[in-house]
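A.B. asks: Below is a structure I'd like to ask you about.
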Amino acid sequence: MKFAHLADTHLGYRQFGLLDREKDFYEVFEKTIDKIIEEKVDFVIHSGDLFETAKPSPVTLLVFQKALLKLKGAGIPMYAIAGNHDTTLRKGTIPPQVLFKKFGLKVISLINTDYIEGEDIFIGGIPYIPKSQNNLLKDRLKNLSKKAEGHSKKILVLHQGIDKYLPFEYELEIGDIPNNFDYYAFGHVHNYIKEPFNEGFLVYPGSMDIWKSNEIMDYRKNGKGFCIVDLDAPNHPIKRVKIDIPREFISKTIDSSNLTHEILNIKSMIKDLKNKPILNLTIKNSKLSNSDIYDLINSELGDLCLLIRPIFKSNDTLSDKEIDISEIDSLEPKTLLNEHLKSFENQDISNLAIDLYENLSKDNIEESEKLIESFYNDYFEEINVSEEDITDAGENNEQTELKEFDNDIQ
């Protein structure tokens, strides 16, 4: 029995505010679904961030609905958890994945934590839980590990960062992960990672398209795509299936003292591309004004590129070695915030600050207020309401949102 593992499709992401980029994410997802059907897998696992936001547009919902129905027509069920992007951190709310349960999507949630597929394949998981609720996450993992005992094959589905792979942004340490699963189907890290873990493999399939510039180097090395896992083969062999992304991200360092020649080289590089690329330019030895250089570059290359992103460097701040645009993210605000928070020597406050940063950067004011309220009202005591109360709230919300969804697609 074999299955497909994918994650971080971020449907609805309008990168740089460009509709073309939103369509790119739809296109690569549709290609992926077609390839999965071609591979004749028995089921699919999606490890979170199916959508870019917790409130996808009607167009985004329809794109996923069509893909899900195509899988259903091929007799291939999909199991999915919510990631941090398609999660709303409010009690009683549900992720948009739940809207598709009537279309056959098997949603793994805090209520429905596990399923049995085939003869005896245990598929269990937990939707994204922020670092400020780390103790809750660990307790849920212990419970899930116990439930998995006794099954012939066991798959753990999570959307979390691990200290080994995200040293400044993790929710779990590597030692927190249960050791009794055969395959660890992770999401959240956008680069491709496959490593032996206990008796199985821990895998991040990566994002389906370039969501952020620091993914470019991994894309050049590993491409974008998903994984096919054969549970019946010895050691569960994993096949990486690469999917061509709709357009290229090109990073180039040019010398403004030889601007005409540099522009001709770039033209030669991109003129035969099927789709207009994203062009990241680092411009050194600038003697003209930045605006004059940009106007010239834009006049010569603007019609050939979807977007040109220039960075100007003076001669004393840039070596002769070409610098990849992905390196610029090394001083991103979240990393700097993590470093500064170490001085407080209080992990709870640090976790809260990071969660607030992530929500406020996406204008999630209401979610941020809830985080603060939970922190000061001893969140972990309040969250232990009965499962019956949670279920009732979830079902009421599900019925309301399903009605709204039906209205949207009619």
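A.B. asks: Could you tell me which residue of region 81-93 is modelled with the lowest pLDDT, considering only residues that are touching a strand residue (DSSP E or B) at 6+ places or on another chain (Cβ under 9 Å) and among the β-branched types (Val, Ile, Thr)?
C.D. replies: Checked region 81-93; the qualifying residue modelled with the lowest pLDDT is THR87.
A.B. asks: May I ask you to verify whether VAL107 is closer than 21 Å to ALA185 by Cβ and under 20 Å from the mean Cα position of the chain (by Cα)?
C.D. replies: yes
A.B. asks: What are the residues in region 163-192 that are over 26 Å from THR32 (Cβ atoms) and part of a strand (DSSP E or B), if any?
C.D. replies: Of everything in region 163-192, just one residue is over 26 Å from THR32 (Cβ atoms) and part of a strand (DSSP E or B), namely LEU172.
A.B. asks: Criterion first (assigned to a loop (DSSP other than H, G, I, E, B), among the hydroxyl-bearing types (Ser, Thr, Tyr) and touching a helix residue (DSSP H, G or I) at 6+ places or on another chain (Cβ under 8 Å)) does THR53 satisfy it?
C.D. replies: The answer is no for THR53.
A.B. asks: Here's another thing I want to ask about it. Hey, could you check region 112-144 for residues that are hydroxyl-bearing (Ser, Thr, Tyr) and part of a loop (DSSP other than H, G, I, E, B) and say which is farthest from PHE43 (Cα to Cα)?
C.D. replies: Filtering region 112-144 for residues that are hydroxyl-bearing (Ser, Thr, Tyr) and part of a loop (DSSP other than H, G, I, E, B), the one farthest from PHE43 (Cα to Cα) comes out as TYR128.
A.B. asks: So, one more: Answer with yes or no whether LYS239 is farther than 23 Å from ILE283 by Cα and among the charged types (D, E, K, R).
C.D. replies: Details: farther than 23 Å from ILE283 by Cα: yes; among the charged types (D, E, K, R): yes.
In short, yes.
A.B. asks: Continuing with the same structure: Out of all the residues in region 1-27, which are more than 16 Å from LYS212 (Cα to Cα), among the aliphatic types (A, V, I, L, M) and modelled with pLDDT of 95 or more?
C.D. replies: Answer for region 1-27, where residues must be more than 16 Å from LYS212 (Cα to Cα), among the aliphatic types (A, V, I, L, M) and modelled with pLDDT of 95 or more: ALA4, LEU6, LEU19.
A.B. asks: Right, something else. Among the listed residues LYS138, LYS142, which satisfies the condition of being without any contact (Cβ under 8 Å) to a residue 40 or more places away in the chain and closer than 18 Å to LEU352 by Cβ?
C.D. replies: The unique qualifying residue is LYS138.
A.B. asks: Let me ask something additional. So, in region 193-243, exactly how many residues are in a loop (DSSP other than H, G, I, E, B), at pLDDT 95 or above and not hydrophobic (A, V, I, L, M, F, W, C)?
C.D. replies: 6
A.B. asks: Residues being surrounded by fewer than 23 Cβ atoms within 10 Å (Cβ to Cβ) and out of contact with any Phe, Trp or Tyr (no Cβ under 8 Å at 6 or more places or on another chain): count how many of those fall in region 183-197.
C.D. replies: 1
A.B. asks: Would you tally the residues in region 1-50 being part of a helix (DSSP H, G or I) and basic (Lys, Arg)?
C.D. replies: Final tally of qualifying residues: 4.
A.B. asks: A follow-up question, please. Just wondering, is there one or more residues in region 145-159 that are over 26 Å from LYS72 (Cβ atoms), over 23 Å from the mean Cα position of the chain (by Cα), in a helix (DSSP H, G or I) and among the basic types (Lys, Arg)?
C.D. replies: Checked region 145-159: at least one residue is over 26 Å from LYS72 (Cβ atoms), over 23 Å from the mean Cα position of the chain (by Cα), in a helix (DSSP H, G or I) and among the basic types (Lys, Arg).
The values are calculated or read from the model by the stated rules, or taken from the named source; none is laboratory data. Because the structure is a prediction, the values reported are computed rather than measured. Note that each Cβ is placed from the backbone with ideal geometry, even for glycine, and that neighbours are counted across all protein chains shown.
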